[in-house]
1. Could you list all residues from the range 111-166 that are assigned to a loop (DSSP other than H, G, I, E, B), touching an Asp or Glu at 6+ places or on another chain (Cβ under 9 Å) and of a type in the set (A, V, I, L, M, F, W, C)?
2. Going through the range 244-262 one residue at a time, which ones are open to solvent by less than 80 Å² (accessible area, probe 1.4 Å) and in contact (Cβ under 8 Å) with a residue 12 or more places away in the chain?
3. Of the residues ASP296, ASP236, ASP274, which single one is surrounded by fewer than 17 Cβ atoms within 10 Å (Cβ to Cβ), within 27 Å of SER60 (Cα to Cα), of a type in the set (Asp, Glu) and touching a residue at least 40 places away in the same chain (Cβ under 8 Å)?
4. Please name all residue pairs, on different chains or six or more residues apart, with Cβ atoms under 7 Å, provided the first residue is in the range 187-204 and is over 18 Å from VAL215 (Cα atoms) and the second residue is surrounded by 20 or more Cβ atoms within 10 Å (Cβ to Cβ).
5. Checking the condition aliphatic (A, V, I, L, M), out of contact with any Cys (no Cβ under 6 Å at 6 or more places or on another chain), touching a residue at least 12 places away in the same chain (Cβ under 8 Å) and over 28 Å from THR231 (Cα atoms), which residue from VAL382, VAL371, VAL340 passes?
6. What number of residues in the range 309-337 are β-branched (Val, Ile, Thr), open to solvent by 20 Å² or more (accessible area, probe 1.4 Å) and in contact (Cβ under 8 Å) with a residue 60 or more places away in the chain?
7. Search the range 22-32 for residues being outside any strand (DSSP E or B) and at pLDDT 95 or above, and hand back the single one that is surrounded by the fewest Cβ atoms within 10 Å (Cβ to Cβ).
8. If TYR285 meets every condition in (1) touching a residue at least 60 places away in the same chain (Cβ under 8 Å); (2) open to solvent by 60 Å² or more (accessible area, probe 1.4 Å) apart from one, which number is that one?
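The values are calculated or read from the model by the stated rules, or taken from the named source; none is laboratory data. Please read these numbers as outputs of a predicted model, since none were measured by experiment. Neighbour counts run over all protein chains shown; Cβ positions are idealised from the backbone, glycine included. Quick note on the areas: whole protein, heavy atoms, side chains included, nothing else; ligands and nucleic acids left out. Shrake-Rupley method; radii C 1.70, N 1.55, O 1.52, S 1.80 Å.
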Amino acid sequence: MLTPPASVGTVAPQSLRFREPLVLASGATLADYHLMYETYGTLNAARSNAVLVCHALNASHHVAGVYADDPKNFGWWDNMVGPGKPLDTNRYFVIGVNNLGSCFGSTGPMSLDPTTGKPYGARFPVVTVEDWVEAQVRLADALGIERFAAVMGGSLGGMQAIAWATRYPARIAHCVAIATTPRLSAQNIAFNDVARTAIQSDPDFHGGDYYAWGVVPKRGLRVARMIGHITYLSGDDMAEKFGRALRGKAAGDAYAFGYGVEFEVESYLRYQGDKFSEYFDANTYLLITRALDYFDPARHHGGDLARALAPATCRFLLASFTTDWRFSPERSREIVEALVRNGRDVTYAEIDAPHGHDAFLLDDDRYHRMVAAYFDNVAKEVGA
């Protein structure tokens, strides 16, 4: 089997069952649940080199490497995590965890509710970023990790890293938050609501209990993904990739004067929507976008982000991308300013990259060199 240079190679997911009830922010309780996770590298004798990687909306515990039975399924951050990569698995013991409510193995809407023997469906409780952190803490306890060298994530994963820093300051030495935000703007909440409405309006949604009907609300999922995908790309990136090119036609060719797929950008978005609807669960999409909406650590501090972040004692690396209009650099600067007001040690980089929000997942040499340099310094500190 061929793997790319410096890949962690073949990996295998693992599952842990937790029987201690988890009380969620909503007041609901999960009495019995599973978390899927993967690990890469080796935990050192001092147990000081562990790094938790938190995932964004449609990702999972599969951060790096490939599966023996699916050698083309590379982890979603395989360019970041591996031997000799910015997060070097020759030095660090890296853990990728799948959040509650997901559709990739951790307990979620598709799982069987032990009280009914049927999938939770619409009965699965709403979860928050803070709920995910509480579950991750239990995973860390089960793995015998008292303190992480770093908790790292991009986008929604960055929110989780920030929540770790404020809720469990003694258990995290570094917070690495990429392309993230301290709260969603009204515009972002609006995009999420339109996406959820598309799903809930699909005749095959059946109030969230479509499993019993043997159907999937694919039309709604397609539209939701199309909306989301537009927000992940920059205007310049879309212009460069597609411009006003007509699908399968030369410049100057006549329009079809209909409502089918005519422009290349339409074809691309529909392809992305179709692909997404084949593997992602609609109820999970509702849950995760609502968790995004609810994240606002300053909410209980009179809107004062500095007060909200005051409990954090770790060091921070934050990075944003100039063309990211979903979670713009201004939002990262808010976090930096709040941390500086608290006298915290903060490294911040604003990277001029053309790829919009998706830049945190892509290969940008400046970005990767910055992360590698930061983790080089972390290694000296924790003996990795």
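1. Once the filter is applied, which keeps residues that are assigned to a loop (DSSP other than H, G, I, E, B), touching an Asp or Glu at 6+ places or on another chain (Cβ under 9 Å) and of a type in the set (A, V, I, L, M, F, W, C), the range 111-166 yields PHE124, ALA149.
2. ALA245, LEU246, VAL261, GLU262
3. After applying the criteria, what remains is ASP274.
4. ASN188/ARG326; ASN192/THR289; ASN192/LEU292; ALA195/ALA224; ALA195/GLY228; ALA195/THR289
5. Answer to the check: VAL382.
6. Number of matching residues: 2.
7. GLY27
8. With (1) touching a residue at least 60 places away in the same chain (Cβ under 8 Å); (2) open to solvent by 60 Å² or more (accessible area, probe 1.4 Å) applied to TYR285, the lone miss is (2).
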